1. Those residues that are of a type outside the set (D, E, K, R), buried (at least 16 other Cβ atoms within 10 Å of the Cβ) and part of a loop (DSSP other than H, G, I, E, B), I need them from region 37-59; list them, please.
2. Mind checking which residues of region 138-190 are at pLDDT 90 or above, in contact with a Leu (Cβ under 8 Å, 6 or more places away or on another chain) and not basic (Lys, Arg)?
3. Mind listing whichever residues of region 39-61 are modelled with pLDDT under 90 and either of a type in the set (Val, Ile, Thr) or in contact with a strand residue (DSSP E or B) (Cβ under 7 Å, 6 or more places away or on another chain) (or both)?
4. Among the residues of region 199-213, count how many are over 16 Å from the mean Cα position of the chain (by Cα) and either open to solvent by less than 30 Å² (accessible area, probe 1.4 Å) or of a type in the set (A, V, I, L, M) (or both).
5. So which residues in region 155-213 are part of a loop (DSSP other than H, G, I, E, B) and under 27 Å from Arg70 (Cα atoms)?
6. Which one of these is assigned to a helix (DSSP H, G or I) and either under 19 Å from the mean Cα position of the chain (by Cα) or modelled with pLDDT under 95 (or both): Val6, Val90, Val78?
7. Could you check Glu22 against (1) open to solvent by 10 Å² or more (accessible area, probe 1.4 Å); (2) in contact (Cβ under 8 Å) with a residue 12 or more places away in the chain; (3) of a type in the set (Asp, Glu) and say which number it fails?
8. Show the residue pairs that are 6+ apart or on different chains and have beta-carbon atoms under 8 Å apart, the first residue being within region 181-201 and in contact (Cβ under 8 Å) with a residue 60 or more places away in the chain, the second being open to solvent by 60 Å² or more (accessible area, probe 1.4 Å) and part of a helix (DSSP H, G or I).
Amino acid sequence: MIRVLVVDDESLVRSGLRMILEATGDIVVVAEAKDGADGIAAVARHRPDVVLMDVRMPGMDGLAAAAELRSSESPPKVIMLTTFDLDEYVHEALRAGAVGFLLKDTPPKDLADAVRTVYAGNAMLAPTVTRRLISSFALREPARADVARKRLAELTEREYEVIRAVARGLSNAEIGRELTMSEATVKAHVSRSLAKLNLTNRVQAAILVHDAS
């Protein structure tokens, strides 16, 4: 069973998410929390695999909570929830270590699939809205492009190819087929690249590639 914590200041939203997720049979909501601080405490108590967290909440918001969770020991995978498809705070949350975000009106099946995807170690880069968000912010800060290019120059040619494929939202299996290498080799390239770039997940790698473009 995939253990999930739901963090949202609206009780009806929390209840709806719990109902959707627990109807799947392979996902259980271990706790609910009403704000970021409550969510951090719940993570410490229940050790969820995945946290679904609202971006905007009174008190400690999801952005601050995601940043704090990133520095914790064995942090859970964090998916941000938002009402808006272009929310500046979500971009900052991705940089803080969140593995993606979903709109609150995401269909139930897609919501459950998203939880399974991040639990398996993949980033939520498939939705068009996520790619548009990342790209839009990269374009707003041209000075960041030079820094990003210098960091990516530390990679070997093969590692760079793999990381560019990661930025397109491809899974390890898809990258392996495209670049003609085994899935294990792709995984090794991704791990080495993240270590060289001092990044913690595939979303941050994707942002860096978009910054450099």
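The values are calculated or read from the model by the stated rules, or taken from the named source; none is laboratory data. Everything numeric in this text was worked out from a predicted model, so none of it was measured. A quick note on method: Cβ atoms are made from the backbone with ideal geometry, for glycine too, and the neighbour counts reach across all protein chains shown. These area figures cover heavy atoms from the full protein model, side chains too; ligands, DNA and RNA do not enter into them. Shrake-Rupley method; radii C 1.70, N 1.55, O 1.52, S 1.80 Å.
1. Pro48, Val55, Met57
2. Leu152, Glu154, Leu155, Tyr160, Glu161, Val162, Ile163, Ala165, Glu178, Val186 - these are the residues of region 138-190 that are at pLDDT 90 or above, in contact with a Leu (Cβ under 8 Å, 6 or more places away or on another chain) and not basic (Lys, Arg).
3. Across region 39-61, the qualifying residue is only Val55.
4. Adding up the residues that qualify gives 2.
5. Within region 155-213, Leu155, Arg168, Gly169, Leu170, Ser171, Asn198, Leu199, Thr200, Asn201, Ser213 meet the criteria.
6. Just a single option satisfies the conditions, and that option is Val90.
7. All conditions are met except number (2).
8. Matching pairs, first to second residue: Thr200/Arg70.
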